[in-house]
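The values are calculated or read from the model by the stated rules, or taken from the named source; none is laboratory data. All values derive from a computational prediction rather than experimental measurement. So basically every Cβ, Gly included, is an ideal-geometry build from the backbone, and we count neighbours across all protein chains shown. These area figures cover heavy atoms from the full protein model, side chains too; ligands, DNA and RNA do not enter into them. Shrake-Rupley method; radii C 1.70, N 1.55, O 1.52, S 1.80 Å.
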Amino acid sequence: MKRYLLLWILWSVLLASPVLGQQHYPFQNTKLPVEKRVDDLLGRLTLKEKTSLLLYKNPAIPRLGIPAYVWWNEALHGVARAGKATVFPQSIGLAATFDTALLHKVAVAISDEARAKHAAAVAKNSRVQYTGLTFWAPNINIFRDPRWGRGQETYGEDPFLTASMGVAYVKGMQGSNPRFLKTSVCAKHFAAYSGPEAVRHHFDALPDEVDLHETYFPAFKTLVQHGVDAVMCAYNRLDNSPCCGSRYLLDTVLRQDWGFRGHVVTDCWALDDIWARHKVVDNRLDAAVMAAKAGANLNCGYLYKYLPEAVQKGLLTEKRIDTLLKPLLRTRFKLGLMGNDTENPYATIRMDSVAWKKHRVLARRTAAESIVLLKNKDHVLPLDHKKLKKIFVTGPAAADMHVLMGNYSGISGNMKTLLEGIVQKAGTGTVVNYTQGAFWNGADRFNGFWIAQQADAVIACVGYSPFLEGENGDALLNDDGGDRRVLHLPQNQIDFIRKLKKSIGDIPLVVVVTGGSAVAMPEIEKLADAILFVWYPGEEGGDAVADVLFGDYNPAGRLPVTFYKTVKDLPPFESYDMTGRTYRYFKGKPEFAFGYGLSYTTFRYSGLSVKKQGQKVMIRFTVTNSGNRRGDEVPQVYVREKSDSGRNPIKSLVAFTRCNLKPGEKKEITFSVPYKQLKHWDIRLHRFVLDSAVYIFQVAAASDDVRLSVPMTIP
């Protein structure tokens with residue numbers, strides 16, 4: 001009897017299950033085209049159900065077998081905020097690799113782990129935040145000013161580099177299946193959003209028409225053209241219109257001009273800014289209506305709960321609600337998030353892909369590729385651990401795990417600090433001593449000098465940490481909303497390095513600098529024999545830095561941002577005018593230029609050939625490893641118009657690659673540059689045009705290190 005009772009209970013549970021109990025609607029048929037499934041489901045939803053699905057926390061709809069779903073998830077440089085996951089270098093470090101193929105591999109690894117973690121969560125009936133498959137990354141805002149704390153989340157200051165890295169990320173994360181999405185990713189924050197953090201909820205960005213179209217828009221347009229599934233609207237206003245309530249941005253530009261078919265998500269609680277801080281409407285209801293009319297599909301927040309009332313009052317039509325909901329349903333169907341995941345080929349990815357050895361190897365390689373060698377006096381690097389008997393490691397970054405992670409980071413059980421990597425690489429026969437030496441900032445108490453005097457080499461790990469820079473509210477030691485007032489290191493760290501150098505005399509001093517932005521280091525540059533800039537290098541940062549320090553990896557990272565000498569070189573932080581900003585418009589001499597980075601070997605460029613072919617320019621040249629070590633080189637192509645109209649950039653990056661060469665090896669590099677990359681925005685015609693002019697094509701090792709150059713008249 002008990003057995004029959006148990007079977008009856010089990011059968012009752014199955015029948016009541018929202019997934020197993022009802023599989024007879026057309027929208028549940030995974031073999032039907034997605035659009036037919038969307039239309040069928042729309043016809044079965046009530047108005048209240050429809051509007052509930054426009055909120056980022058979608059409730060379950062049991063009568064239709066639709067499970068609950070939370071849209072908010074993060075994967076900027078690894079699955080974030082969800083427990084165990086591989087932690088790759090922060091995005092600015094990914095950009096420093098100048099390696100789109102590598103970033104694509106990183107994104108594939110992240111999306112593998114995302115799929116596995118989602119499946120594991122669903123298996124335990126967990127549908128909480130950070131377990132979904134919709135990720136609000138990448139951040140493709142232009143890092144126009146190094147004071148911005150969130151700049152670390154971006155791919156740097158150049159529109160072409162940002163777009164190229166962004167496309168690699170999108171393709172790796174979303175997959176290549178024509179019917180299904182592996183994950184859904186989101187280009188953010190649209191538009192003209194890059195600080196100041198402290199005023200972002202009421203700030204009005206005022207770029208002119210040229211800067212908007214030539215600097216702030218291009219990366220978003222490129223990602224839309226390559227199928228990014230979502231775009232996030234920003235907190236700020238643009239020309240006095242809240243970005244999340246702007247018909248110009250969300251409808252005219254995104255959907256009409258660029259043909260975007262995905263969904264727009266609001267930055268979290270940005271709709272509250274519309275009425276409470278921007279004060280362009282009087283209340284929550286009007287803010288929700290403004291965003292809905294503009295084209296914001298998904299509300300990260302709560303204001304869309306007022307949409308049924310808006311329909312009842314005639315402020316919106318139910319047809320408008322349907323229009324907003326369609327792209328969201330399309331995404332959920334393509335991800336397999338409607339209770340039937342059997343058809344999606346990505347649903348079979350196994351849990352053991354999370355933080356597995358292959359991904360750790362990839363994280364180590366990526367971190368090594370991101371490291372930029374800024375100085376190497378008398379070839380002090382790489383260190384020869386076979387000859388070194390004593391090494392002294394010091395500085396606040398040496399044993400700090402936080403400098404590995406940066407903003408929006410996951411957590412790994414394999415984190416290795418810089419100190420741990422150095423100790424392991426140095427080997428059992430070498431004495432490695434350590435003391436923190438200095439605090440991150442503020443205090444002027446230093447120690448370790450007497451130990452340093454006994455060493456054969458001193459490695460000082462200094463810089464910034466996520467405590468000192470980041471998103472508003474996250475940087476706990478920062479009083480400026482996460483932004484930086486200055487570009488130089490905290491003064492106590494400078495004083496520490498000065499006293500350390502005075503104490504050790506001629507003992508080689510290697511300074512390893514962490515951070516997510518440009519750092520002015522004139523004092524450090526004078527004191528140090530070698531400088532490595534390592535960003536926030538991820539879980540394998542310690543091993544990767546050690547690989548570079550001891551010569552097991554030849555550094556070739558390049559700066560994706562200009563390193564200025566002083567904050568006095570910069571225009572006001574609040575200005576979105578590009579004049580005087582980035583290598584494209586800065587006329588002064590930087591400390592280290594965009595695209596700069598040294599190697600343990602040398603490279604020679606020769607044989608430049610440039611010719612027109614249809615609507616593009618074909619560029620060919622040869623790179624030769626002229627040194628005695630194998631290594632990577634990063635050839636870059638810049639272009640400038642010979643007759644400057646006054647608004648054109650000084651030069652702009654139009655092509656780059658990363659290649660590995662043995663000593664003496666040669667490689668022919670070929671680039672195809674479409675004419676559209678040479679166009680500029682015409683303020684009279686309000687569109688891009690190609691000038692009939694002489695263009696100078698520069699093949700370079702950095703933006704200020706031109707190796708080959710040739711003029712060409714186009715068209």
Longest segment of the chain with no GluC sites (Glu not before Pro) in a DSSP loop having at most 15 other Cβ atoms within 10 Å? 1-342
Rounded to the nearest 10 Å², what accessible area does Phe688 show when all protein chains are kept and the probe is 1.4 Å? 70
Select from Ile494, Leu468, Gly482 the residue farthest towards the positive end of the dipole of the range 458-502; place +1 on Cβ of Lys and Arg, -1 on Cβ of Asp and Glu, and compute about the Cα centre. Ile494
Most positive-pole-ward Cα, Leu41, Phe671, Ala443, against dipole of the chain from beta carbon charges: Leu41
Only four residue types carry charge here, +1 at the Cβ of Lys and Arg and -1 at the Cβ of Asp and Glu. Report the dipole size of the chain about the Cα centre in Debye, rounded to the nearest 20. 1900
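Compute, for the range 395-510, the length of the dipole vector about the Cα centre, with Cβ point charges of +1 (Lys, Arg) and -1 (Asp, Glu) only. Units Debye, rounded to 20.
Details: 9 positive and 12 negative charges, 91 e Å.
Value, rounded to 20: 440 debye.
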Quick check on packing: order 592-602, 488-498 by the mean number of other C-beta atoms within 10 Å, highest mean leading. 592-602, 488-498
Residues of the range 395-487: accessible area per residue at 1.4 Å, in Å²? 42
Rank these residues by their accessible area, most exposed first, probe 1.4 Å: Lys188, Lys676, Lys587, Lys662. Lys587, Lys676, Lys662, Lys188
Label model pair Gln129, Arg629: point-to-point distance (7 angstrom along the Cα→beta-carbon line) in nm is 4.6
Which residue, His202, Leu307, Tyr69, has the largest displacement toward the positive end of the dipole of the chain when charges sit on each Cβ (Lys, Arg +1; Asp, Glu -1)? Tyr69
Sort His379, His263, His402 from largest to smallest accessible area, using a 1.4 Å probe on the heavy atoms of the protein chains. His379, His402, His263
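Please give the peptides 80-91, 296-307 ranked by average Cβ packing (other Cβ atoms within 10 Å per residue), highest first, as a rough proxy for protection. Write down the numbers at each step before the final one.
Numbers: 80-91: 25.2, 296-307: 23.7.
The packing order, highest mean first, is 80-91, 296-307.
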How far, in degrees from 0 to 90, does helix 2-16 lean away from the longest principal axis of the Cα atoms of the chain, to the nearest 10? 80
Give Lys358/Lys651; Lys589/Lys667; Lys171/Lys612; Lys105/Lys305; Lys84/Lys425 a once-over and call out the pairs whose C-alpha atoms are over 28 Å from each other. Lys358/Lys651; Lys589/Lys667; Lys171/Lys612; Lys105/Lys305
Label point distance in nm, Thr428-Lys31, each placed 7 Å from Cα along Cα→Cβ: 6.4
If one takes the longest principal axis of the Cα atoms in the chain, at what angle in degrees, from 0 to 90 and to the nearest 10, does the Cα axis of helix 357-370 lie? 50
So for the pair Ile650, Met351, with labels modelled 7 Å out along Cα→Cβ, what separation do we get in nm? 5.5
Over the chain, with every protein chain in place, what whole percent of the accessible area is carbon and sulfur at 1.4 Å, could you tell me? 53
With angles folded into 0 to 90 degrees, how steeply does helix 491-504 sit against the dominant principal axis of the chain? Use alpha carbons for both and round to 10. 30
Mind putting a number on the dipole of the range 219-321 about its Cα centre? Charges go on the C-beta only, +1 for Lys and Arg and -1 for Asp and Glu, and I need it in Debye to the nearest 20. 160
